[in-house]
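Structure first, then comments.
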Amino acid sequence: MDFSNYEEENVDKNANSLLSSALGSMADGPKDSEEQASVEKKNVEEVLASACLAPAQSLWTTDAAGSVRLRIEEACPEEPITVHQMFKASVDKYGKMYALASKKNNKWEKITFLEYYQSSRRAARSFLKLGLERFHGVAILGFNSAEWFFSAIGAIIAGGIMTGIYATSSPEACQYVASDSKANIIVVENQKQLDKILQIHDRLPHLKAIVQYSGCPQQKLSNLYSWAEFMELGLDVSEKELDDIISSQRANQCCVLIYTSGTTGTSKGVMLSHDNITWTAHHASRVGNILPADTMQESLVSYLPLSHIAAQIYDLWTGIQSGGLVYFAQPDALKGSLIRTLQEVRPSSHMGVPRVWEKMMEKIKEGISQCGYVKKKLVTWAMSVSLEVNQKYTQRNAEKPFLFSLADSLVLEKLRAELGFSCCQKFFSGAAPIGSETVQFFLGLNIRLYEAYGMSESTGPHFMSGPKAYKPPSCGKVLPGCRYKMADVDSDGIGEICFWGRNIFMGFLNMEDKTREALDEDWWLRSGDLGRIDEEGFLYITGRIKELIITAGGENIPPVPIEEAVKKELPFISNAMMIGDKRKFLSILLTLKCNIDMETMAPTEELSLEAVKCCQQLGSQATKVSDIIGGKDKEVYQAIQEGIDRVNSAATSNAQHIQKWTILRKDFSVSGGELGPTMKLRRHVVLEKYQKEIESLYK
């Protein structure tokens, strides 16, 4: 297809329809008054006068080649730009600065923003040579790397749609994503990932080529290329051909697909536009106080799955937008090497999902427990001082007492350095709710965890904590330029959180029913989450509608607060999941904290050091799960019952009392299927997998 005349043929004749479409969105969207709507209309006109957008009739679409009206309002009037425009602007500003760092042969190798851009263009030309069609997918399956980034950017600027596949995905899950996105090319990391694709490639009618970016393929196939071979392919594709495709791209068209991890059923392809990506990267970085590189270059370590929107926005898109330096962790980062990488890099900011922060907390607790008496007392004192002061002084720059400064310089600075955080100023948590125990523990290290709340459908964060908006245990305030409303609010001020803004997705690919279900009658995005907003505008998540347990007596019970309370009372418990939907009473499934097999990442039978110490304090000598389950260990069973009794005593009604409980033989894990790739609890999997154990509780 020739895109060279796209602008001349379409821009002029679409100008009026673009303006009327954008202004039409004002009627669909929220407005506080006619006067405000008039002001917003004027701002929209000014923005659209300088913006070239594809014609669109609706705020949503399920067609990969479709376009949408943008939700441009007074609060977010910035001119829409494409991913390429954002990248090119950063190259113009930061071209000579380092952008990406990869460790090879035990040495960090860095490339500049200009080299990053040139490699992405070269990858784009190679994709075109392989036959990438407009709005077809390029799927990327593997651990974070410079090649992952080149493939992502290259796919987009070549006119395709980039989608990540979780490295833990089964061949069947890979097939679903590749087929749904009509992937022309699949980029895999290594032989292990390649083997998955070779199992299903004959069921992918759109697939034209496979590229392996780490190591050389062991097989010799006509459509299989090493990374070096791939990057040579596009040399005879002209720069003009690529530029013509780039110039035809519009900010209200799809460029990224994020597949939900399937915690509630079939994965859905979340369609994100160029504007979704570029606008969110700009505003999220501002709230998180991520500084532009010409002020101070930020550095971070990339290790979380880039298939997930949280890591993608933080590592890839915000990295480009702000001019940050991204270091790639080793593939075994979550098996233990992450701390070593952090110690080497000493990043200025860091993001983790709650489970990562919990694992760090457990590791530190283990270390403290093995200290001598005097050192243990000193650390405990310093952390208690830090926690008390940080809870009292919520403003980061508030003047702190001398005792706090003494504790920080004598003890806490050293602890943070051991984690690789000696230079880190901003710490973020996202992808799932984080427990209050974890937040308080890190406050004791003088580390403030800024929680972000949003969805794949909101391009990541819609609410964020940051240096200027911090109030634990809230998720912060709504991003500037975004809106929210609370639907079906009850007497306690709790309702469903609904979103509006430039970050709201285009729709679910090929799923009209699911798209309509996600949007209300006024086109607000329904989160499915329950929460409340305080008088200062801070959001507190209280539960999830689909997770609500409705007992046989008709009582609505949010399980998460009760589960968290049980885990707080019983520190040797790893996971707790409430049961009781349509039942006469509540029960709970419990798992014990265990060591992890670092090869398979599966939980072992061996109790963790923390769990063993807890057992010893109870008078138990248990070191394995089998020492406890089935009522073998009376001390542990008695402690669990007493802990649950304490939780029940704080319940607001008898219906919220836990009547029965059982300990499962294995902890929940990604490999076991109970946890998703970002460590979210997959309740439907647990219900199915442990049906026998659940039914025994109700006999």
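Readers should treat all values here as calculations from the given coordinates under stated rules, not as data from a laboratory. In this text, all values refer to a predicted model and were calculated from it rather than measured experimentally. Every residue, glycine among them, receives a Cβ derived from its backbone with ideal geometry; neighbour counts consider all protein chains shown.
Please give, to one decimal in nm, the separation of the simple spin-label points placed at Ala65 and Thr604, each 7 Å out from Cα toward the Cβ.
My value for the distance between the label points is 5.5 nm.
So if each residue of separation counts as 0.36 nm, and I subtract the Cα-Cα distance between Glu78 and Ser405, what length gain in nm does that give?
Result: 113.5 nm gained on full extension.
If you average the alpha carbon positions of region 438-509 and of region 559-618, how far apart do those two centres end up, in angstrom?
Measuring centre to centre over Cα atoms gives 27 Å.
Label-point separation (nm) for Glu635 and Ile111, each offset 7 Å from Cα along Cα-to-Cβ?
Modelled inter-label distance: 5.8 nm.
From the phi angles alone, apply the Karplus equation (6.51, -1.76, 1.60; θ = phi - 60°) to region 84-91 and give each ³J(HN,Hα) in whole Hz, x where the residue is Gly or Pro.
Here the 3J(HN,Hα) series is 5, 5, 5, 5, 5, 5, 5, 4 Hz.
Residues with amide H under 5 Å of Ile140's amide H, sequence separation 5 or more or different chain, H placed in the peptide plane at 1.01 Å from N; which?
For Ile140, the qualifying residues are Thr163, Gly164, Ile165, Val187.
Per-residue ellipticity at 222 nm for the chain, helices alone: DSSP H runs ≥ 4 residues times -39500 (n - 2.57), over residue total, nearest 500 deg cm²/dmol?
-11000 deg cm²/dmol
Quick one: net charge around Cys371, please, counting Lys, Arg +1 and Asp, Glu -1 for every other residue with C-beta under 15 Å from its C-beta.
Residues close to Cys371 contribute a combined charge of +4.
Just to be sure I understand: of the beta bridges DSSP finds with both ends in region 343-544, what percent are antiparallel, rounded to 5?
Antiparallel: roughly 75 percent of the beta bridges in region 343-544.
Gain in length, Gln616 to Thr380, computed as 0.36 nm per residue apart minus the alpha-carbon separation, to one decimal in nm?
82.9 nm
Helix 171-180 against the longest principal axis of the chain: what's the angle in degrees, Cα atoms only, rounded to the nearest 10?
The two axes meet at around 40 degrees.
When ranked by the protection proxy of mean other Cβ atoms within 10 Å per residue, highest first, what sequence do the peptides 508-516, 686-694 form?
508-516, 686-694
Given the options Asn648, Gly673, Gly619, identify the residue whose Cα lies farthest towards the positive end of the charge dipole of the chain (+1 on Cβ of Lys, Arg; -1 on Cβ of Asp, Glu).
Gly619
Between Cys594 and residues 5 or more places away or on another chain, which pairs have amide H atoms under 5 Å apart, with H built 1.01 Å from N, and which residues are they?
Ser608
Efficiency by 1/(1 + (r/R0)^6): what FRET value for Ser369 and Ala417, r their Cβ-Cβ distance, R0 = 22 Å, to the nearest 0.05?
Taking R0 as 22 Å, the efficiency between Ser369 and Ala417 is 0.65.
Starting from 0.36 nm per residue, how many nanometres of slack lie between Ser491 and Lys88 once their C-alpha separation is accounted for?
Answer, rounded to one decimal: 140.0 nm.
For region 684-694, what does the Karplus curve 6.51 cos²θ - 1.76 cosθ + 1.60, with θ = phi - 60°, yield as ³J(HN,Hα) per residue in whole Hz, taken in order and with x for Gly and Pro?
Listing the rounded values in order: 5, 5, 4, 4, 6, 5, 10, 4, 4, 5, 5 Hz.
Which percent, to the nearest 5, of DSSP beta bridges fully inside region 548-697 are antiparallel?
Antiparallel: roughly 70 percent of the beta bridges in region 548-697.
Starting from the Cα of Gln199, step 7 Å along the direction of its Cβ; do the same at Glu437; then give the gap between the two resulting points in nm.
3.6
List the residues whose amide H sits under 5 Å from the amide H of Ile549, counting only those 5 or more places along or on another chain, with H placed 1.01 Å from N in the peptide plane.
Ile557
With r as the distance between the Cβ atoms of Lys103 and Ala228 and R0 = 22 Å, compute the FRET efficiency 1/(1 + (r/R0)^6) and round to 0.05.
The pair Ala228/Lys103 has a calculated efficiency of 0.70.
Could you please rank Leu334, Leu378, placing first whichever residue has the fewest other Cβ atoms within 10 Å of its Cβ?
The order, fewest Cβ neighbours first, is Leu378, Leu334.
Of Ile596, Ile277, Ile197, how do they rank once you tally other Cβ atoms within 10 Å and put the fewest first?
Ranked by crowding around the Cβ, least crowded first: Ile596, Ile197, Ile277.
Can you say what percent of the DSSP beta bridges in the chain, counting only those with both residues inside, are antiparallel? Round to 5.
55
At a Förster distance of 41 Å, what's the computed FRET efficiency of Asp522 paired with Arg340, Cβ-Cβ distance as r, to 0.05?
Here the calculated transfer efficiency is 0.20.
Go through region 237-249 residue by residue and turn each phi into a ³J(HN,Hα) via Karplus (6.51, -1.76, 1.60, θ = phi - 60°); whole Hz please, and just put x for glycine and proline.
With the stated coefficients, region 237-249 comes to 8, 5, 4, 5, 4, 5, 4, 5, 5, 4, 5, 8, 6 Hz.
Using Cα positions and a limit of under 15 Å, work out the aspartates and glutamates in reach of Lys582, with same-chain residues fewer than 8 apart set aside.
Counting by Cα, and skipping residues close in sequence, Lys582 has these aspartates and glutamates nearby: Glu547, Glu555, Glu695.
With charges set only on the Cβ (+1 for Lys and Arg, -1 for Asp and Glu), what does the dipole of the chain come to about its Cα centre, in debye to the nearest 20?
Magnitude of the dipole: close to 2160 debye.
By counting other Cβ atoms within 10 Å of each Cβ, how are Phe505, Phe499, Phe402 ranked from fewest to most?
Phe402, Phe499, Phe505
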